[in-house]
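Have a look at the structure below before the remarks.
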Amino acid sequence: MDPDAVTASPHLQATPPRVRLTRSGLVLGPGDNPRLPRPEGSLVPLIAGSVHYFRMAPETWAPALQAIRTLGCHLVDVYIPWSVHELRRGQLDFGRVDPRLDLARFLRLAEEIGLFAIARPGPHINAELTYFGIPKRVIWDTDCQARSPSGEPVALPMLPLSFPVPSYASQAFREEAREWLRAVTPELSPLCWPSGPVVMVQVDNEASFYFRDGVYDQDYHPDAVAAYREHLRREYGSDEALRRAHLDEALSLSTLTPPTALTAEHCDELTPHVDWARFQEELLGSAVGGFAALLREAGLPGVPLSHNLPPADLATPLDPARLLQEIDLVGADYYHHATPEQLRAIAYRTSALAALTDERQLPCFAAELGVGFPPFAPPLRPRDNAFAALSALAYGLRAFNLYMAVDRDRWIGALFTQEGDPRPEASFWRRLIDALSRLRFRELERRVEVSIVVPRSFRRLARVLHAFGPVSQTLLQLTGRGIDQAVLEGGVDRAGSSIVAASELIDQLWDALEARGVATELISDEQLDRALERSRWVVVVCSGALEPALAERARAAYASGKAVSVGPFLPTRDERMRGAAHPIPSGGVVPWQLSSARVAEQVTELTEALSLTRAPIDAPLRLTLHSDQAGVPRVAFVINPSHEAARGVLRPGSAVAAKDALDGAPIEVSSGEIALTVPASSVRVVELLHEA
């Protein structure tokens, strides 16, 4: 497998799917399984709970599975750990030696109880297992290990034991992964729909270099360097073109090496660094694609393949659009605290994921919606988990997997004991799942007025200009710090300060629009055309560098009268930081360039000039509305990210009555207004009732 090869999506090459994805969930194909209910005909809503069979006594499997079924889940989500099933190289145990490892028995039991299944065979699964579920012999094989710039193994400081992370470019590691995936596929294939309960399979887990994702942190494995050369050969085509771009007459595509530190002193010298960061995105995308292809080649029937993004995915080299060239669904993991900073992070990443999936008629899915936390991570209280879940639903989430639903070692706060006994927090999730089903929430839509386009090249350059070395931007974002607090602001001819200014513009725009009740989304450049069709105003974020094709599409739309702006800078360079001519267009209905100093004022002016639909509510509260296909608002989320209770007034339009969607309590509508008190760090979900 070429780690840098771009291949067609495996689901486009496969036989007709037995299960396919839609915006509302999983649609079962031909065939029948009398042991499994079809909740709504052929549609299975994508609501799951995680259970780790290999950490449990087999006699507890049935009560645990029954517990998540009574919670309202339609699926059980299950990791299949390579390291646990491997007795020694070439010998695996699926229950013959240890009854806890009888995967088929566990999944058949889930089937009898009426649960479908999501299988997650890795090869990497994390799950707080030592070595993240990869066998010790593979982890300590020097040929499999990722390399630092000095050629040393890249160690992950992880409890209970630090370990060297594997290289996704290593031929040796890929061959080991092949052996595992080829061995586990025959175990899974007979359990796939309609012969069994498995209706989706996840490929790998949070494939972002095992949290060591700084641009110069890894991977300098010889196979990665060779793949990098091939990547640039496809990009540039000749030594001459490479030398012009990298400003080095001595370079050769057959011998060049990637940069090992940020040595650029001028923007013109940033091209090699941007190329290296771009290659890392391609390496991860093609690695996931290679694992997916192996599963298909090994005989996995036509069920969708998925992958999950880590909690700070917008700061990683993972490109969701690139992953969707290889697999069928990209979901996100949510482990967030109830703070204003984390609310913004949830809103950014969820609206981006919703735009990406909605465009493809896929469910906006939380592959892991945090319920509890591992003991060596900052504690997540039940109110943190509830706040994160409801906030994500407010900004576009429509499906989720509760992680963890059932107790296990190295986890605190699961909803059920292994014997299936509920903890107090389970009642909230039962009410929530019941409410989402009753409201048919997955069919509702959050209609946006403004799209903020953040090009992939902007995030790439921010990674290159990261100021804290091996302490990656991802880890800083997990602590609530954004790009503006992580970028080398004064470095490389002030390029860093331009990134900071652009990041601040994003936050300023978001806050100003939210305060005025204008529904806004944060999207990547792949969704520009869709945004131009559905949004009233499109803002393209630019730190001074922009892809020529993206700049041209934005200019053409502006010249045709579309409401398009760029900011805070006009583009003068392309995405590789090479100088490029970008003429300023004319003929638009809004300012072509936004001013950071006047953002709030410009938002006020354009809200009126463009007649943007507003649903304002008093600060510090935030409000999102979700409408049916006729455009009638049916559900409102009123979010209080502050640490004190807050009161606000909601104007529900044509609604004549309202009630709390979670407990059914009536809410008074007086003179077309709803006055609500929202407790600190919480979310109220309001069902809006209209005359028939």
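The values are calculated or read from the model by the stated rules, or taken from the named source; none is laboratory data. Just so you know, these numbers come straight off a predicted model, no measurement behind them. Positions of Cβ are generated from backbone atoms using ideal geometry, with glycine treated the same way; all protein chains shown enter the neighbour counts.
Of all the criteria given as (1) at pLDDT below 95; (2) of a type in the set (Val, Ile, Thr); (3) within 19 Å of residue 395 (Cβ to Cβ), the one not satisfied by residue 683 is (1). When the residues of the stretch 536-589 are filtered to those that are of a type in the set (Val, Ile, Thr) and touching a residue at least 60 places away in the same chain (Cβ under 8 Å), the one that is nearest to residue 614 (Cα to Cα) is 538. Against the test of being modelled with pLDDT under 95, surrounded by 14 or more Cβ atoms within 10 Å (Cβ to Cβ) and hydroxyl-bearing (Ser, Thr, Tyr), the options 596, 642 yield a single qualifying residue, 596.
Within the stretch 427-441, being surrounded by fewer than 18 Cβ atoms within 10 Å (Cβ to Cβ) and part of a helix (DSSP H, G or I) holds for 427, 430, 431, 434, 437, 438. For the stretch 656-673, a residue qualifies if it is of a type in the set (Val, Ile, Thr) and buried (at least 16 other Cβ atoms within 10 Å of the Cβ), and the qualifying residues are 667, 669.
Could you please give the count of residues in the stretch 203-247 that are assigned to a helix (DSSP H, G or I) and not charged (D, E, K, R)? Final tally of qualifying residues: 16. Going by the conditions given, is residue 46 crowded, with 22+ Cβ neighbours inside 10 Å, modelled with pLDDT of 85 or more and within 18 Å of residue 307 (Cβ to Cβ)? Yes; evaluated as a whole, the condition is true for this residue. For the stretch 376-401, the set of residues classified as part of a loop (DSSP other than H, G, I, E, B) and either in contact with a strand residue (DSSP E or B) (Cβ under 8 Å, 6 or more places away or on another chain) or modelled with pLDDT of 95 or more (or both) consists of 379, 380, 381, 395, 396, 397, 398, listed by residue number. Scanning the stretch 146-163 for residues that are part of a loop (DSSP other than H, G, I, E, B) and over 11 Å from residue 130 (Cα atoms) turns up 146, 148, 149, 150, 151, 152, 154, 157. Is one or more of the residues making up the stretch 233-243 buried (at least 20 other Cβ atoms within 10 Å of the Cβ), assigned by TED's automatic domain parsing to the domain that holds residue 148, of a type outside the set (A, V, I, L, M, F, W, C) and out of contact with any Pro (no Cβ under 7 Å at 6 or more places or on another chain)? No, there is no match, as no residue in the stretch 233-243 is buried (at least 20 other Cβ atoms within 10 Å of the Cβ), assigned by TED's automatic domain parsing to the domain that holds residue 148, of a type outside the set (A, V, I, L, M, F, W, C) and out of contact with any Pro (no Cβ under 7 Å at 6 or more places or on another chain).
Within the stretch 328-341, one or more residues are at pLDDT 95 or above, more than 19 Å from residue 452 (Cβ to Cβ) and out of contact with any Pro (no Cβ under 8 Å at 6 or more places or on another chain). In the stretch 498-518, the residue that is surrounded by the most Cβ atoms within 10 Å (Cβ to Cβ) out of those that are within 24 Å of residue 461 (Cα to Cα), aliphatic (A, V, I, L, M) and touching a residue at least 24 places away in the same chain (Cβ under 8 Å) is 499.
Considering only the stretch 341-364, I want to know if a residue exists there that is among the hydroxyl-bearing types (Ser, Thr, Tyr), farther than 22 Å from residue 433 by Cα and out of contact with any Asp or Glu (no Cβ under 6 Å at 6 or more places or on another chain). Taking every residue of the stretch 341-364 in turn, at least one turns out to be among the hydroxyl-bearing types (Ser, Thr, Tyr), farther than 22 Å from residue 433 by Cα and out of contact with any Asp or Glu (no Cβ under 6 Å at 6 or more places or on another chain). Among residues of the stretch 400-414 that are touching a residue at least 60 places away in the same chain (Cβ under 8 Å), those with a Cβ under 9 angstrom from a residue that is among the β-branched types (Val, Ile, Thr) and part of a strand (DSSP E or B), sequence gap 6+ or separate chain, pair up as 400/47; 401/47; 401/118; 402/47; 405/76.
Every listed requirement among (1) surrounded by fewer than 20 Cβ atoms within 10 Å (Cβ to Cβ); (2) in a helix (DSSP H, G or I); (3) modelled with pLDDT of 95 or more is met by residue 255 save one, (2).
I need every pair where a residue in the stretch 138-160 that is surrounded by fewer than 17 Cβ atoms within 10 Å (Cβ to Cβ) has its Cβ under 8 Å from the Cβ of a residue that is assigned to a helix (DSSP H, G or I) and of a type in the set (A, V, I, L, M), sequence separation at least 6 or different chains. Note: pairs meeting the criteria are 141/172; 143/172.
Counting the residues of the stretch 621-630 that are surrounded by fewer than 17 Cβ atoms within 10 Å (Cβ to Cβ) and either touching a strand residue (DSSP E or B) at 6+ places or on another chain (Cβ under 9 Å) or within 14 Å of residue 689 (Cα to Cα) (or both) gives 3. Within the option set 157, 164, 186, 194, being touching a strand residue (DSSP E or B) at 6+ places or on another chain (Cβ under 6 Å) and in the same structural domain as residue 368 (by TED's automatic domain parsing) holds for one residue only, 164.
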